[in-house]
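Notes follow once the structure below has been shown.
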Amino acid sequence: MGSCLSTGYQSSCHGGSNGETVSGSCCLGIGVGGRIARKITFSDHIFSLQHLNSIPNRLVFNGKTRNSCIFTQQGRKGINQDAMVVWEDFISDGAVFCGIFDGHGPHGHVVARKVRDVLPRKLVSFWQSSQLKHNGSDRSSCFGWGRGNSADGEGLETAGSEEDKSSSLWRRAFLKSYKSMDKELKSHPKLDCFCSGSTAVTLVKQGSDLFVGSIGDSRAILGSKDSCDSLVATQLTVDLKPDLPREAERIKKCKGRVFALQDEPEVPRVWLPFDNAPGLAMARAFGDFCLKDYGVISIPEFSHRLLTDYDLFIVLASDGVWDVLSNEEVVEIVNSTSTRSSAARMVVDAAAREWKLKYPTSKMDDCAVICLFLDGKMDSESENEEQASSAALQTNQMGNNTADSDEEQRSEPSLQRNNTVRSSEENDQIGGLSSHGEENGETMSAEDENWLGLEGVTRVNSLVQLPRFS
């Protein structure tokens, strides 16, 4: 499952070995006399999903890269359904793609991994297509031809600053890639996304430009220093909950229903018009096709931000972290870590402790964290130390789920219990369920591989129950 790849948006050029069709990037950068005018990047080498693991500078497991560290830990609801990726030298040297994907429903772990593997490629393809159309419209305008029109009927802005043009290109790429991703999930012959889906919080850092697209309730924040050298947390994305006015209005117009259950009044959910199911705890998601006719959409919220020297790092995380830690607490944890390569793990460890303190009778949700450091510097560790640390992280993941009291007494940043987890005022709450631990080297019994999100004592699930159709 999840091994097929849409090829509907590949370029017709052939540059790979054995005549493979490669991505459109091989058609860019051709200079005078047919010479290649740029370095070959990762997108030139992506021929199929089977080659993803061999692509340089792409990380999906616990570990670190030149500029980032990532860590995920399975919760107590079943297989880890969180997926994550950091892709350096994305599009060009120095560009970075980051993404967190929180699956939910019976097949949420498969959906999250599928989106993790396919969405970045689609983003590359659509960005390159938009850039080609933009460059073509610029040449056409020099001769007075159809200014601002593209072959598919979408206007391409040619006026304005380079910053505006770049933002417009990336906005179009994000919107089209998310739409294409959802369409591919719906038509996938072996993947049932009817009552399963995934959030997505994705970003592309290109120089000082930061482009962010997100759906669902996974979140990205920015850690910065202000003029007084104080640490500041800035939320980069909106938790797209069903009770946000614009989201609720759209859902109700489509005959969907939005309300919270009596035993969890702080968690608004989306329900079918004819059944008290599935109770989806977010307004936008990939998959969840049982609700796509009733107001749930996969159109991302897009934003563009210019980074400054005051900006230190970006943290992306699934809602298993945000349900128990505030933006300010996460920024403080990352900033105070002794080694940058352990920052993501420190955030997850802190979230695990807070889950035990705040919800001792509840099942901890899956947690996934990416810390991207904007100065491009990481710890100067030897190769042996790095490999030993990575191996230790993988080995201890299962043990971390049931950490003992000695583990809780380790000296780490102390956290103030804020008791504001998922209030309706903040529009926050838990979202991920079930599975996806196998990619982190975890072994699950046949019983554990069943979807456990609806069993036992849990604080909040993304889905309450599956719909019944006669």
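The values are calculated or read from the model by the stated rules, or taken from the named source; none is laboratory data. As the structure is a computational prediction, the values presented were derived from the model and not from experiment. Glycine also receives a Cβ, built like all others from the backbone with ideal geometry; neighbour counts cover every protein chain displayed. These area figures cover heavy atoms from the full protein model, side chains too; ligands, DNA and RNA do not enter into them. Shrake-Rupley method; radii C 1.70, N 1.55, O 1.52, S 1.80 Å.
So that you can scan it fast, the table gives a plain yes or no per residue for (1) of a type in the set (V, I, T); (2) more than 22 Å from R219 (Cβ to Cβ); (3) in contact with a Cys (Cβ under 9 Å, 6 or more places away or on another chain):
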residue	(1), (2), (3)
I70	yes, no, yes
G75	no, no, yes
I91	yes, yes, no
V96	yes, no, no
G99	no, no, no
D102	no, no, no
P106	no, yes, yes
Only one of D263, D229, D309 that is in a loop (DSSP other than H, G, I, E, B), over 20 Å from the mean Cα position of the chain (by Cα) and at positive phi: D229
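Residue-by-condition table, conditions (1) in contact with a Phe, Trp or Tyr (Cβ under 7 Å, 6 or more places away or on another chain); (2) open to solvent by 50 Å² or more (accessible area, probe 1.4 Å):
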{"position": "S214", "(1), (2)": "no, no"}
{"position": "S227", "(1), (2)": "no, yes"}
{"position": "D239", "(1), (2)": "no, no"}
{"position": "E249", "(1), (2)": "no, yes"}
{"position": "R257", "(1), (2)": "yes, yes"}
Near pairs, Cβ below 8 angstrom, 6+ apart or cross-chain, from segment 328-356 (under 19 Å from L374 (Cβ atoms) and among the basic types (K, R)) to any residue that is open to solvent by 50 Å² or more (accessible area, probe 1.4 Å) and not in a helix (DSSP H, G or I): R340/K377
Within segment 309-326, tally of residues that are open to solvent by 20 Å² or more (accessible area, probe 1.4 Å) and within 19 Å of M364 (Cα to Cα): 1
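Conditions (1) under 21 Å from L52 (Cβ atoms); (2) in contact with a Ser or Thr (Cβ under 6 Å, 6 or more places away or on another chain); (3) modelled with pLDDT of 95 or more, marked per residue:
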| site | (1), (2), (3) |
| --- | --- |
| V118 | yes, no, yes |
| G148 | no, yes, no |
| W170 | no, no, yes |
| K179 | no, no, yes |
| S198 | yes, no, yes |
| T202 | yes, no, yes |
| F211 | no, no, yes |
Residues being crowded, with 20+ Cβ neighbours inside 10 Å and in contact with a Pro (Cβ under 9 Å, 6 or more places away or on another chain) - total across segment 259-280: 7
Subset tally (residues that are touching a residue at least 60 places away in the same chain (Cβ under 8 Å) and polar (S, T, N, Q)) for segment 357-384: 2
In segment 68-108, the residues that are modelled with pLDDT of 95 or more and among the polar types (S, T, N, Q): S68, T72, Q73, Q74, N80, Q81
Residue match in segment 287-305 (condition: over 23 Å from H109 (Cα atoms) and among the aliphatic types (A, V, I, L, M)): no
Scan of segment 291-303 for residues that are crowded, with 24+ Cβ neighbours inside 10 Å and over 16 Å from V115 (Cβ atoms), ordered by number: L291
Residue check, S208 surrounded by fewer than 19 Cβ atoms within 10 Å (Cβ to Cβ), of a type in the set (G, A, S) and in contact with a Leu (Cβ under 6 Å, 6 or more places away or on another chain): yes
Residues of segment 266-301 satisfying the condition of being closer than 18 Å to K253 by Cβ and assigned to a strand (DSSP E or B): P268, R269, V270, W271, L272, L280, R284, I297
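Taking K253 as the residue in question, decide whether it is surrounded by fewer than 19 Cβ atoms within 10 Å (Cβ to Cβ) and of a type in the set (D, E, K, R).
On the way: surrounded by fewer than 19 Cβ atoms within 10 Å (Cβ to Cβ): yes; of a type in the set (D, E, K, R): yes.
Considered against the rule, which asks whether it is surrounded by fewer than 19 Cβ atoms within 10 Å (Cβ to Cβ) and of a type in the set (D, E, K, R), K253 comes out as yes.
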